[in-house]
Structure formats: structure tokens, C-alpha cells
Amino acid sequence: MTALDEPRTVTRPRLAAAPVVGAMMALAGVLALTSSQYGYHRDELYFRMLAPAWGYTDQPPLTPLIARASIALFGDSVIALRVFPLLFAVASVLLLALIAREVGGGRLAQALTAWGMAGATLTLMFGHLLLTASLDLVVWPAALLFAIRAVLRDDGRWWLAAGAVVGASTFNKLLIVILMVGIAAGLAIFGPRRWFASGRLWGGVAIAGLLALPNAVYQITHGWPQLAMGAALSENNADEVRILMWPMLILLVGPVLAVFWVSAIVGIFRRPAWRPLRFLVATFVVVVVFVFVAGAQFYYTAGVLAVLTAIGSVLVAEWCRTGARRILVFTLLAVNALTCAVAALPVLPVRVAGEVGVASINSAAADQVGWERYTEQVTDAAASVDAIITSNYGEAGALDRFGVDLPPVYSGHNALADLGPPPDDVETVLFVGGQGRWADRIFERCDVVGTLDNGVGVDNEEEGVPLTVCSGPEGSWDELWERIRHLD
């Protein structure tokens, strides 16, 4: 059958419940089994500290609120913090299978989507840890599923649902605005342009704007902190991100599933029934260009990649005409999942992880190592100081979680800086981390009294940083705090 002979409308098969639910259960099992390995991630320690608020310097309020809710419901443990990410990851598998079904994928395509994405790096990593990206596992596929339904079913009511998802998502990340820009650009470039005359599309935009209003007001009334945060991320990360983002287009899903999303882009332009989906390609390009220009975080492409992978599964399923091809594809997906697990999960014994240089392939796992030992070392070094100042929120969070009978702990990092400096009567402080290397510029005397060592050879951000005791602040703490506070 040539492209011209292909059907010009999509037939939606039934949901393949058995393989999809099977993949969801397998993913839940893997995430549950690994949830207690190593320890807290630095971001989880940070979220655990933040009191409920309208917003923060570096993010909207939802993820820290999820952390608080997790602790209230399940107890103050690392496992408790990871219950909701697990649920988000499992739900994302279902949403992606629904996308495969929506574009015409039958039982095999839905199975490929579900089992493939259950083993993808982005699903495993963001499902294992409580990160702001964890909720994105659900939000981006949901918004794009509703947009796809609007154009394929010619039903504008789905734009209202998409707008509700986008607006609600602003309580977690403002990045979702880039998705809206991408969809609008895609409709303008590839169509169907008639949607711009639809009251329901604009109704969806209005719903998104109304739900986003509290966060917009927060940004306006607080001097647009998200722009400052984005600028700081770009300044610190841009060069690295602009290099890493290209291989990460493959590594976020794994090399096998990268074939799926590339196939989807080609198929969207070749298949008449998928012509209304061409806006997705422009959306993908907009997100990639944004990541490159902003230089913020390389994983911001993850949501669109997952959706394109689901669409590509339809084409891969059609290629699997014989049993041998099916066995080959599922074998490759199993290998893909194993390699992604090493890149995303703490699957290696921690000492082995140190020996093989885990930080070079799994920095998220490395950032879960050593916090209790670091706290013990800080406690020993802080015996004669008035206060502790940590260089980043991970260190502050570890001291908050594991420290006992410590002097007051302060940090100039991100939202913790807004809690203020030590009182003016503080004369001697312990700097934890990199800020101790230049603290002698603002204190009369500074002495390195130790270095952090996790004892297992894992090279993370804290390993080998100094513990520096400084005395005689040269200025008021309000003045010094402006030099200590920082965004990144």
C-alpha cells in the first residue's frame, strides 16, 4: 500500500489492557525495590525542608508540597518521598499507551510503548526520585494526548482539557509554557490552522491562563525570580547543556527507543492519516531550540520524546510482521531497559558504584550517596562554632535530616537564602563546601579543618570539599549575605 492509498482517518483499537497493565506493574515493582537504595537525593533533602508557600525563588510550590504531603501520609523517610514519583511513572505508561492507541496503534504497538517506556531512562530516573521532573512524566503526555485527540477527533472539547492540564502544571513548573508555544507554532506552520478560529481552543488557553494566574502574580510581585533562576542555570550550565542535550535525545529513552521517535517524525510526514499531527514535530523543534538557547537543563526534551516514541511504536509494530521480528524487537527493548536501569537507578552495590565511576554515568545515583556520613563529619567539625553555613541546599538538607544538637544551619543557596543570614552576634562559623574556599575574603581568619569523604569512593558534588572554620566577619551579616547567597 502506498502513502496515497493509506486511510486518511485513524481507527482507534481497544486498549490492550493486559500488556499495558503488566508493564505498569513491572515498573512499579522495580521502582519499589530500588526506592530505599543508597539514600536521599539532594533535591529531595531540599524539598523536605521547604515550608509550604505561595512560591519560591527557584520554583513554584507544588513539588515541595508533595514532599510535605508524602511525609505526613507515609512518614519521614526516603521511601515515603518516592511514593508519588512511582505513581507518576506508572501513570505515564498508561498515558503513553493511550497515545499509541489514539494514533491507531493496536495491541502490539501499545505493548511496545508500555514495555519500552517502562524501561526508558527518563521514566526510571524521574520515577525513582522526587524531582520537579517527576510530575512532568504525567503532565506533558496528558497535555499532548488531549491535543492529539482534539485534532484527530476534530473535537475542540479536548483543547479545554489540555488547557486545564497546562494551567495546573504551572504550580509545578513554568516550563510548560514552552509546550504551549510549541503547539501554537506547530498549528500555525503545519495546521490545522482552522483551530485558531475555534472558541474552544481559546477557551483552553483561557483556562490555562486562569489556573496559571496565581503563579504569574507571584512572579510579578517578586521581581520575576524564575527569570533570574533561568539566567543562573544558563550561566552555570549552558556550555555543558548545549553539548549534552544532543546525545541525551538518545540516552533519555535509550538507543532502541530513539529509533521509535525518529520513525515517528518521518511517519508523521508520510502517513496521510497523521497529517494533523505535524504540529508535534514543530513542538519538538521549539522545545529543542529552547533548551539549546536557554542552556538550562538537558532533560527538558523528555516529555515530547516520550510522546513521539509512543507514536513511533505504531510503525515499529507494523514492521514486526513475523514472529522472529517481534522476538528481536522485544529482546532489544529488554537490553535497552537494562542499560537504562544502570544509567537511571541505584542498581550497583554502592562500593562497586564508586569503583566503576558511577558519577560519570549516573550522577543522580551519585547524589544519593554519603549524606549521613557527611553529617557526622560536619558535626565533628562544628563543635566550637556559632553557626553553620552550607554551600548548597543538599548539604543543608542533610544536616536538617540527620543532624543532632548542631549549631543553627544557614545556606545562601536558592530559596534557603530568603530565610536570612545568621544574627549579628555570630562571630565564628563553619562553612561546608565550596564557599569555604573564598570565605577568607569576608572574614578575618579562615582555617580548613577537614574535608568531606563518603568512604565509598563515589565522586559526587560533596566529595572532597572543605570544611572551613571562619571567624571575624568583616561587615554586617546583611552585607555579607549578599555575597554568600547564590542561584544555580
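The values are calculated or read from the model by the stated rules, or taken from the named source; none is laboratory data. Only a predicted model underlies this, so the values are computations on that prediction, with no experimental measurement involved. Please note: Cβ atoms are built from the backbone with ideal geometry, for glycine as well, and neighbour counts cover all protein chains shown. The area values use the complete protein model at the heavy-atom level, side chains included, leaving out ligands, DNA and RNA. Shrake-Rupley method; radii C 1.70, N 1.55, O 1.52, S 1.80 Å.
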Exercise. Calculate, in whole percent, how much of the Cα-Cα pair population of the stretch 1-96 lies beyond 15 Å.
Key: 70
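Take peptides 409-417, 69-77 and line them up by average Cβ neighbours within 10 Å, highest first, as a rough protection proxy.
Output ranking for 409-417, 69-77: 409-417, 69-77.
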Self-check item: Protein accessible area in the chain, 1.4 Å probe - carbon and sulfur %
Solution: 62
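Using a probe radius of 1.4 Å on heavy atoms only, what accessible surface per residue do you get for the stretch 95-188? Whole Å² is fine.
It amounts to 23 Å² per residue over the stretch 95-188.
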Quiz item: When Rg is the radius of gyration of the Cα atoms in the stretch 42-98 and Rh is its Kirkwood radius, what does Rg/Rh come to?
Solution: 1.04
Quiz item: When the scattering of the stretch 243-350 is computed by the Debye formula from its Cα atoms alone, each counted once and equally, what is log10 I(q)/I(0) at q = 0.10, 0.11, 0.16 Å⁻¹?
Solution: -0.34, -0.41, -0.80
Exercise. Place +1 on the Cβ of every Lys and Arg and -1 on the Cβ of every Asp and Glu in the stretch 340-464, take the dipole about the Cα centre, and give the residue among LEU430, VAL347, ALA396 whose Cα lies farthest towards its positive end.
Key: VAL347
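For the ranges 96-107, 475-486, 168-179, what's the packing order if you count other beta-carbon atoms within 10 Å of each residue, average per peptide, and put the highest first? Kindly include the intermediate steps, with their values, before the conclusion.
On the way: 96-107: 24.4, 475-486: 14.6, 168-179: 21.6.
Order by mean packing, descending: 96-107, 168-179, 475-486.
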Quiz item: Per the Kirkwood definition applied to all pairs of different Cα atoms, how many angstroms is the hydrodynamic radius of the stretch 376-451?
Solution: 12.6
Practice problem: Work out how much length GLU318 to GLN37 would gain on full extension: take 0.36 nm times their residue separation and subtract the Cα-Cα distance, in nm to one decimal. | Solution: 97.2 nm
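Provide the net charge surrounding MET229, with neighbours chosen by a C-beta distance below 12 Å and charges set as Lys +1, Arg +1, Asp -1, Glu -1. Write out the running numbers ahead of the final one.
Numbers: positive: LYS173; negative: ASP58, GLU235, ASP488.
Summing Lys and Arg as +1 and Asp and Glu as -1 gives -2.
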Quiz item: Based on the Cα coordinates of the stretch 33-141, what is the per residue volume of their convex hull in Å³?
Solution: 109
Practice problem: Note the angle between two axes, namely the Cα long axis of helix 371-381 and the longest principal axis of the Cα atoms of the chain, as a number of degrees from 0 to 90, rounded to the nearest 10. | Solution: 10
Quiz item: Taking only the alpha-carbon atoms of the stretch 293-339, what semi-axes of the equivalent ellipsoid follow from 5 times the gyration tensor eigenvalues under a square root, in whole Å, largest first?
Solution: 29, 14, 6
Quiz item: For the residue pair VAL262 and ALA69, what label-to-label distance in nm results when each label sits 7 Å from Cα along the Cα-to-beta-carbon direction?
Solution: 4.0
Quiz item: If only Cα atoms are counted, what is the Rg of the stretch 310-449, and what is its Dmax, in Å?
Solution: 23.7, 78
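Please sort by residue number the trypsin sites (Lys or Arg not before Pro) in the stretch 12-57 whose DSSP state is loop and whose Cβ has at most 15 other Cβ atoms within 10 Å. Intermediate results must be reported in sequence, preceding the final value.
On the way: sites: ARG14, ARG42, ARG48; in loops: ARG14.
The qualifying sites are ARG14.
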Exercise. Provide the per residue accessible area, probe 1.4 Å, for the stretch 200-280, rounded to a whole number of square angstrom.
Key: 50
Practice problem: Let me see the pair-distance distribution of the stretch 130-174: every alpha carbon pair, 10 Å bin width, integer percents in order. | Solution: 31, 48, 19, 2
Quiz item: Are there cysteines in the chain with no other Cys C-beta under 4.7 Å, and if so, which?
Solution: CYS320, CYS340
Quiz prompt | Principal axis dimensions, the stretch 437-488 - Cα atoms, whole angstrom, descending | solution = 40, 26, 12
Exercise. Take every DSSP beta bridge whose two residues both sit in the stretch 384-488, then give the antiparallel share in percent to the nearest 5.
Key: 60
Quiz item: From the list (i) 81, 49, 41; (ii) 113, 75, 52; (iii) 77, 73, 39, can you say which value of Cα extents along the principal axes in Å was derived from the structure given?
Solution: (i)
Practice problem: Would you mind counting up the charge near TRP371? Only other residues with Cβ under 11 Å from its Cβ, with Lys and Arg at +1 and Asp and Glu at -1. | Solution: -4
